[in-house]
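Engineer: Quick one: the structure is below, and I'll ask about it shortly.
Laboratory data are not the source of any read-out in this text; all were calculated from the coordinates shown. Keep in mind that what you see is a predicted model, and the values were worked out from it rather than measured. Here the Cβ positions follow ideal geometry from the backbone for every residue, glycine too, while neighbour counts run over all protein chains shown.
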Amino acid sequence: MSAILSRLEREADAYLIPMLLRLYERAQAPQLGLTQIPEPTDAMPIVDTIEDMRIVMKHPEIFEKDFALIDFFGHSRFNTNGKEWALRRSITQACYNDIGKSTKKTLIRENYKTNIEQINIDSPKYISNRILASSVSIFNNAFLSEENPEILMKMFDKIRKILKILQFISWNGSPNIETLEGIHLEVTYLLDLLDLENQRDPAFAELYKRFQDPSGNIQNYRPASEFIMNAFAGSETSATAILWAIDRLAALPQFQDDLAAADLESPEGEQRLETFINETLRYFPPLPLLTRRLSTDFELGDKQLKQGQRILLSIVGLHHSTKYWKDPHLFDPERPEFARKTYNKLAFVPFFSGPRICGGMRLARMEIREALKLFLKRFRISRTDEVIDFEYGLILRPANYHRLRLNYR
Ligand code: HEM
C-alpha cells in the first residue's frame with residue numbers, strides 16, 4: 001500500500017475511533033450523569049430512537065442506501081436502490097437462504113472444526129486467521145465452491161484499510177486528487193486481480209460464474225464489484241462477531257467454564273448460548289452505525305430532513321440506550337432481557353430490519369453458534385488484563401490478540 005494511503009489510514013484511526021466512542025457515550029450519557037450529550041460528528045443528524053428507526057427501516061425508497069462510501073468498488077446490492085437493487089439481490093439471495101437452513105449445520109460445524117483444530121495454543125494471533133478462513137470457506141460453499149479461502153483473505157487485508165479510509169474521507173470533506181487517485185488505483189488493482197484469477201484458476205472461475213447478471217438487465221454490470229462486496233460482507237462480519245464473543249469468554253472465566261460444561265444442544269443450553277451471543281452483538285455490533293441518504297424532503301420526528309441529506313443510523317445508540325436497556329454499559333452474558341426475551345425488538349438490530357435487512361442473518365447466527373461450541377470444547381481462553389482494543393472502519397473488530405492466552409481443555 002502506498003505511503004499516502006498508510007498516512008491516511010493513521011488519520012482515519014485518529015478520527016473514527018473517537019467518533020465511535022462518542023456514539024457509545026452519547027447513548028449512555030443520561031446514566032453517566034452527563035448533561036452535555038456529545039455529538040459524534042456535526043456532519044450528519046443522528047437517528048437513535050426506535051420510533052425514528054422504525055420509519056427508516058420501513059421506507060428504503062425514502063432513506064436510500066448511500067453510494068458515497070463504497071462507490072469506489074463499483075455497484076453491488078449493497079449500494080444500489082429500487083429496481084437495480086432487486087435485480088442484484090436475486091443474484092445471491094437464494095444461495096444465502098439455502099446455506100442458512102438448519103440442514104447445513106453439519107457442513108458449517110465441520111468447516112469450523114477443521115480450522116479451530118489448527119489453532120495452536122502458543123499463537124492466539126492465529127485465532128482470527130482460522131475463524132476468518134472458516135467464514136470465507138462457508139461463503140464459498142454457499143455458491144457450491146471449494147475455492148481456497150486464502151486468496152480472498154489476502155484481499156480482505158487491503159479492503160479493510162481502504163474501507164476505513166473511504167469512511168473517513170466521506171465524512172471529513174473532499175480529499176485531494178492525489179488521495180483519490182491513490183485509492184482508485186488500489187481498488188482497480190483488486191478488481192482486476194479477481195478478473196485475472198477467473199482466467200487462471202478453474203475453481204475460482206466456477207465461483208465467479210455465479211456472479212454474472214442472469215437478467216442481462218443491469219447496466220455496466222461488473223461481476224468483480226458484486227462479488228467482492230458480497231464476499232467481504234458475508235465473511236468479515238461473522239468472523240468479527242465470533243472474535244468478539246471469544247474475547248468476552250476470555251474476560252469472563254467463570255461464565256466460560258459454566259458454558260463449556262453445559263449441554264449446549266439442550267433447550268436450556270441453547271438459550272444460554274443465544275443470550276450470550278445476543279449480548280455480544282448488542283455490546284459490539286459488527287456494524288455499529290449505518291448511513292442513508294434522503295431521496296426527498298422528510299420530517300422525521302423533530303428533524304426536518306432535506307433531499308440529498310445524509311443521516312447516521314446509530315445501532316450503538318439503540319443498543320446502549322438507557323431508555324431500552326437496564327445498565328446498558330454492563331456486559332452481562334446472562335442479560336435477563338435476552339434470557340427472558342423481554343427486550344424491545346426494535347432496540348436490538350445488529351442485522352438491521354425491514355427490506356434492507358442483512359441477507360445472511362440466519363447463516364451468521366448459525367456460524368457464531370457452531371464456532372463457539374467447538375471453541376469452548378477445545379480451549380480455555382483468558383486475558384492478561386481488561387483493556388478492550390478495537391479497530392474500526394465500517395466494521396468494529398477486536399484488536400486484542402496480544403492480550404489473549406490459550407490452553408487446551
Ligand atoms: C454477525 C454477522 C453479520 C452482521 C452483524 C451483519 C449485519 C448487516 C447489516 C447491519 C446490514 C445492513 C446494512 C445496511 O443496510 O446499511 C447487512 C446487510 C447485508 N448482509 Fe449482513 N451481517 C452479518 C453477516 C452476513 C453474512 C454471513 C452474509 C452472507 C453470507 C451477509 C450478507 C449481507 C447482505 C447481502 C447484505 C445487504 C442486504 C441488502 O441490502 O441487499 N451478512 N448485514
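Engineer: Give the dimensionless ratio obtained when the Cα radius of gyration of segment 90-132 is divided by 2.2 N^0.38 Å.
Structural biologist: In units of the 2.2 N^0.38 Å rule of thumb, it is 1.52.
Engineer: Still on this structure, I have one more. Have a look at the DSSP beta bridges in the chain and tell me what percent are antiparallel, nearest 5.
Structural biologist: Antiparallel bridges: around 90 percent, rounded to the nearest 5.
Engineer: On to the next question. Set the Förster distance to 30 Å, then compute FRET efficiency between ALA261 and ASN344 from the Cβ-Cβ distance, nearest 0.05.
Structural biologist: 0.40
Engineer: Further question: Label-point separation (nm) for ILE17 and ASN407, each offset 7 Å from Cα along Cα-to-Cβ?
Structural biologist: Computed distance between label sites ILE17 and ASN407 equals 3.1 nm.
Engineer: Using the 10 angstrom Cβ neighbour count as an exposure proxy, how do HIS59, HIS402 rank, fewest first?
Structural biologist: The order, fewest Cβ neighbours first, is HIS402, HIS59.
Engineer: Among SER2, SER135, SER353, SER321, which comes first, second and so on when ranked by fewest other beta-carbon atoms within 10 Å?
Structural biologist: Ordered from fewest to most neighbouring Cβ atoms within 10 Å, SER2, SER135, SER353, SER321 come out as SER2, SER353, SER321, SER135.
Engineer: With labels modelled as points extended 7 Å from the Cα through the Cβ direction, what inter-label distance (nm, one decimal) is found for ALA94 paired with GLU386?
Structural biologist: My value for the distance between the label points is 5.3 nm.
Engineer: Mind sorting ILE246, ILE17, ILE277 by how few other Cβ atoms lie within 10 Å of their own Cβ, fewest first?
Structural biologist: Listing ILE246, ILE17, ILE277 from fewest to most nearby Cβ atoms yields ILE17, ILE277, ILE246.
Engineer: Amide H of LEU300: which non-local residues (sequence gap of 5 or more, or other chain) have their own amide H closer than 5 Å, using H built in the peptide plane?
Structural biologist: Close amide H contacts, sequence-distant or interchain: LEU305.
Engineer: Percent of Cα-Cα pairs more than 26 Å apart in segment 3-408, please.
Structural biologist: Of the Cα pairs, 55 percent sit more than 26 Å apart.
Engineer: Of all the stretches in the chain, which is the longest one without any exposed loop site, taking GluC sites (Glu not before Pro) in a DSSP loop (any state but H, G, I, E, B) with at most 16 other Cβ atoms within 10 Å?
Structural biologist: 147-264
Engineer: Could you compute the net charge surrounding LEU180? Neighbours are other residues with a C-beta less than 12 Å from the C-beta of LEU180; K and R count +1, D and E count -1.
Structural biologist: Residues near LEU180 contribute -4 overall.
Engineer: For segment 225-239 and segment 142-192, compute the distance between their C-alpha centroids and round to whole Å.
Structural biologist: 12
Engineer: Go ahead and run the numbers for FRET between GLU299 and ALA203, Cβ-Cβ distance against an R0 of 51 Å, rounding to 0.05.
Structural biologist: My answer for the efficiency is 0.45.
Engineer: Next up: For ALA27, what is the net charge nearby, where nearby means another residue's Cβ is under 12 Å from its Cβ and Lys, Arg count +1, Asp, Glu -1?
Structural biologist: +2
Engineer: How many angstrom lie between the C-alpha centres of segment 81-134 and segment 358-404?
Structural biologist: With segment 81-134 and segment 358-404 each reduced to a Cα centre, they are spaced 14 Å.
Engineer: Given H placed 1.01 Å from N in the peptide plane, which residues other than close sequence neighbours of ARG380 have an amide H under 5 Å from its amide H?
Structural biologist: ASN407, TYR408, ARG409
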